[in-house]
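The values are calculated or read from the model by the stated rules, or taken from the named source; none is laboratory data. The shown structure was predicted, so the numbers you read here are calculated from the model rather than taken from an experiment. Counting neighbours? That spans all protein chains shown, and the Cβs are built from the backbone with ideal geometry, glycine included.
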Amino acid sequence: MLMTILQQVPGRIWILLLTLIALGLSQTMPRRRKPRSATILPAIMIALSFYGVVSAFPTQPLALASWAAGVAAAVMLCSSAGTWSGIQWSEAERRLLVPGSWVPLALILGLFAVKFGVGVALAMHPELARNTSFATWISLAYGLFSGGFLARGVAMWKVANQALQRSVFG
């Protein structure tokens, strides 16, 4: 049955997976980024996650609340654990120094796996879209994964804002 499912997956999904893996692997290398460009990936992942909830569970208001709770929980957990604490500011270059990390790749693949699994489950059992429990737990997972990206974006903006305030008021 697994092979049948995998054979019926459109080619564009495999291309998307390869693209996401490449994107995740690129995050393992340290980089110098402008604050605006550094927050593009978190914004995209939040948008895709939100869209995943809204498109899969349009009649489930609890799903959106669960997604928001997952995002908030991930931001708080990442912040308290110092997950993105290695981000620094280079005043000379006026750029963020973002250390390489495997966490973005794990988040990307986790979000992809959940979205893929949900797509398969809904294709095989469309009634799951109306199942409140299923929608709630899946939406929580979407929120947790994308919240990790939002936490990274928030951490980058904090570092950049603190550095800019020091240069203005310092």
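Scanning for something under 18 Å from Ser146 (Cα atoms), among the small types (Gly, Ala, Ser), in contact with a helix residue (DSSP H, G or I) (Cβ under 9 Å, 6 or more places away or on another chain) and in a helix (DSSP H, G or I), does the range 7-25 turn up at least one residue?
yes
Restricting to the range 29-42, name every residue that is loosely packed, with under 14 Cβ neighbours inside 10 Å, assigned to a helix (DSSP H, G or I) and of a type outside the set (D, E, K, R).
Matches in the range 29-42: Ser37, Ile40.
Scan the range 48-91 residue by residue and report those that are exposed (fewer than 15 other Cβ atoms within 10 Å of the Cβ), under 22 Å from Met29 (Cβ atoms) and of a type outside the set (Ser, Thr, Tyr).
Across the range 48-91, the qualifying residues are Gly82, Gly86, Gln88.
Given the conditions (1) over 20 Å from Met124 (Cβ atoms); (2) modelled with pLDDT under 90; (3) not hydroxyl-bearing (Ser, Thr, Tyr), and given that Leu18 satisfies all but one, which numbered condition is not satisfied?
It fails just one condition, (2).
Somewhere in the range 112-128, is a residue of a type in the set (D, E, K, R), more than 13 Å from Gly153 (Cα to Cα), assigned to a strand (DSSP E or B) and out of contact with any helix residue (DSSP H, G or I) (no Cβ under 6 Å at 6 or more places or on another chain)?
no
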